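To start, the structure itself, in structure tokens.
The values are calculated or read from the model by the stated rules, or taken from the named source; none is laboratory data. Not measured: the values here are computed from a predicted model. No Cβ is skipped: glycine too gets one built from the backbone with ideal geometry, and neighbour counts run over all protein chains shown. Note: accessible area is taken over every heavy atom of the protein model, side chains too, but ligands, DNA and RNA are not part of it. Shrake-Rupley method; radii C 1.70, N 1.55, O 1.52, S 1.80 Å.
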Amino acid sequence: MTTRNRQATALTLACLCTALLAGCNNKSPEAGRPNTAPPPSGSASTATGSASKPPTDVPATPPERPKAALGLSLAAAEAFVYYYSDLLNYASDTGDARDLLTNSDSGCERCRLYSDFVKTSNAQNGLLTGDYHEHTKEVSELLRGSSGRLGGSAVVTVGAYVSKQTKSATPITSKPTTYKRELALSPQGGNWVMYEMKLVEQ
């Protein structure tokens, strides 16, 4: 964690949260989840082929919050962002987004959009194939505001994958992509939860 993570200002967080929440009206699924929805314009093409095989190491139960992600410190927030990525991947694998939503603020629109999508299209029902797991490479610029919320960003990569909304729908192929996830966390029950998130293709 960098020194500037500890030099947060309420103004900076307010600007970030304003930017995040201003984008909440965008109904496009890809705004919250590059690994399970049709990708942004210019990065996808329809195809009848398939991407590489999906991961085979799907846990039988959702990942548990690691001890490092407990509490409301900046270090716990950083660990939580990595953990949340694991929850996104588990939901994509199985279609089970219950733990994802438990670790999301009730007002997080993109969290709900993600949940709705994976309930329909996921690896278990065969409508999501390839290297769809997202990998969080770096969490940075964690800033705590006077509201108690925290903002920051993470670098996320996703491989090539194919998604379909129904078994008869035309497959949509996505190329490997790197994103910046802008995010805001809020305190809930003594731990961080996802307040809102927005992906920006790099």
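If R0 is taken as 22 Å, the Cβ-Cβ distance between N191 and T120 corresponds to a FRET efficiency of 0.15. Quick one: accessible area per residue over the stretch 156-202, 1.4 Å probe, rounded to a whole number of Å²? Each residue of the stretch 156-202 exposes 40 Å² on average to a 1.4 Å probe.
Stretching the chain fully between V58 and L72 yields a gain of 2.1 nm (0.36 nm per residue, less the alpha carbon separation). Straight-line reach from K175: taking Cα to Cα under 16 Å and skipping same-chain neighbours fewer than 8 places apart, the aspartates and glutamates in range are E30, D131, E134, E201.
Other residues whose C-beta falls under 11 angstrom from the C-beta of P62 contribute a net charge of -3, scoring Lys and Arg +1 and Asp and Glu -1.
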